[in-house]
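Everything below concerns the one structure shown next.
The values are calculated or read from the model by the stated rules, or taken from the named source; none is laboratory data. Source: prediction; values computed, not measured. A quick note on method: Cβ atoms are made from the backbone with ideal geometry, for glycine too, and the neighbour counts reach across all protein chains shown.
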Amino acid sequence: MVYCGKPSRGCENCRYQYTYHLLTTTQCDQRRPSCSRCVRMRRTCVGYRDQSTLMFRDETARTQIKARRGHVGRDTNFPQHLIPPPSSLLSLQSQDIAVCYFYTTTLSNLSEKDPARQLQMYLPSLYAKSRMGSALRLATESISHVLLPNLVPDSKIIASKRYDAALIAIQRAIQDPIQAKTDETLYAVLLLCGYETITRETTLRSAWDTHVSGGAALVQYRGSNMLQSQLAQGLFCFVRKSIVLSQMQACSPVDEVFTKPGSFQDPENQLFAIASRIPTLQSHGLVFLNRPEGADNSHAEKLARSVEAVDEELSHWADNLPNSWSYTQATKIKTGPSAQDFCPKHIHRYPDFYVARVWNFYRVSRLILLSLLCRATALSRTGHNEDQHMATGNAERESKIQNIVDEICASVPFLLGHDLSRMTVPTGVGKGQQRGQEWYGPPEWYGASANWGDGNQAKQFPTGSFSLIWPLYVASSAVTIPENQRQWISWQLQSIAASGDSQARLALNTPSRTLLGGPESLRFDCV
């Protein structure tokens, strides 16, 4: 006998609240209109109760208790399941509440496509195996408590103390030749990077960059033979993503251990394997492209060829993404009478925030390469014909830069969490994106400054807004974009800053130098 899937209501005598027919679909359709329990007990059935009076019972808490009992003896040092109801929290220690909340909420917010999700799933076993006072435990508790200001008293104070203790524990661990090569030590370093990203305190701005460099040093010390397990591969990829992002902002080369393609199949790791060569090209640009006019141009020509090769690989990556990475694009945006001077030409809707963030990293990478290529070809000109060819080529590159900036702007509504359900169903597929025909946006997307982000009203944006800061910050420095678009980008950063994001405020007050060929004074961990 199977569940037919149709709800069954008990009669007034039985007082059933909610069940399912233990019948096949055919039997269910032929069933007499009387209560099954009354039939079994051979009594008169008064009939089904009115559907409007039905009551439904919430079995969530009871199910969670059963699940916890069934897992006794597994990893008792780590809370394995979802946080119990508030009435049950009193029986748990505050650190257990914090760690459980951090693990479950982080896991639920990570996309199925995100490699970080698999990495997060290793945390319970690592936490259970680590000893009290270890670097991993302290780092886990520090990042966990910083997320619980409303559930655990003095959680911010506890988080800060755990963070300071974790720093000392990590220093001891890396001085031990054996502990320095363990997954737990490297994982602890990455958790501290996460703590510094979440808190976004001014005093910790340089700490994130320091710990990213420390994680990269640990990976090099571990050696290639430490990449045999899935956990080790996940740690490597996470470190590579962080170090590439950091070095792109510093215009400093990435160690060659991170530039090897590897056998990773997911799109994000393939993208960062290609982008890992960009910081080296940027550093060469600092040396060769800042010379006085008339300097030897052979290096600039060689640099231009290398840049073109990487840019072509990035284009190939975008053209060969799976369909699950496609995004819907509204190609005709109708504006209202209150529209400002600038309104995005397109609006994008992505499968989730993760896909949108990776697409924007791809776009920033191409912006850096195209701006570097424009400067390299300008330095390598040798005659009238070459000048004409160079001017034509740079005009095409500037057009590409404008299109990429437009695409970053098109991702803003989605990453700010606005409802894009009114976008039409896509009509075709091309180059990794699905194109819709038309979208009638609500008034706030007509471009009115009060709603597009003039900073007048503070708003708590979803997590996608943080990942917008660096792409908007870099895009605003493109010299070829119109001034009204630059002002619109500034409005978006003001909106994010108004919600309390300190890094957005810093981005507003410090012009980006990435596309101009210089290192940034700020570092963003936003992908």
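Among the numbered conditions (1) closer than 14 Å to Glu141 by Cβ; (2) β-branched (Val, Ile, Thr); (3) under 21 Å from the mean Cα position of the chain (by Cα), the only one that Val189 does not meet is (1). Taking the range 502-519 as the range and being part of a loop (DSSP other than H, G, I, E, B) and buried (at least 19 other Cβ atoms within 10 Å of the Cβ) as the test, only Ser512 passes. Of all the criteria given as (1) outside any loop (DSSP other than H, G, I, E, B); (2) surrounded by fewer than 19 Cβ atoms within 10 Å (Cβ to Cβ); (3) of a type in the set (D, E, K, R), the one not satisfied by Arg137 is (2). Looking at Asn360, Asn451, Asn403, Asn385, just one residue is under 27 Å from the mean Cα position of the chain (by Cα), modelled with pLDDT under 60 and part of a helix (DSSP H, G or I), and that residue is Asn451.
If you filter the range 406-428 down to residues that are more than 28 Å from Thr480 (Cα to Cα) and out of contact with any Lys or Arg (no Cβ under 8 Å at 6 or more places or on another chain), you find that the one that is modelled with the highest pLDDT is Gly417. If you scan the range 464-513, which residues turn out to be of a type in the set (Val, Ile, Thr) and more than 22 Å from Phe342 (Cβ to Cβ)? Residue satisfying the conditions is Thr510 alone.
Within the range 252-298, if we keep just the residues that are under 15 Å from Phe236 (Cβ atoms) and of a type in the set (D, E, K, R), the residue that is modelled with the lowest pLDDT turns out to be Lys260.
Ser365 - would you say it is at pLDDT 85 or above, within 28 Å of the chain's Cα centre (by Cα) and under 15 Å from Ala300 (Cβ atoms)? In short, no. Taking (1) closer than 21 Å to Val146 by Cα; (2) modelled with pLDDT of 90 or more in turn, Ala173 satisfies each apart from (1).
Candidates Ser499, Ser521, Ser495: the one that is under 25 Å from the mean Cα position of the chain (by Cα), farther than 20 Å from Arg363 by Cα and at pLDDT 85 or above is Ser495.
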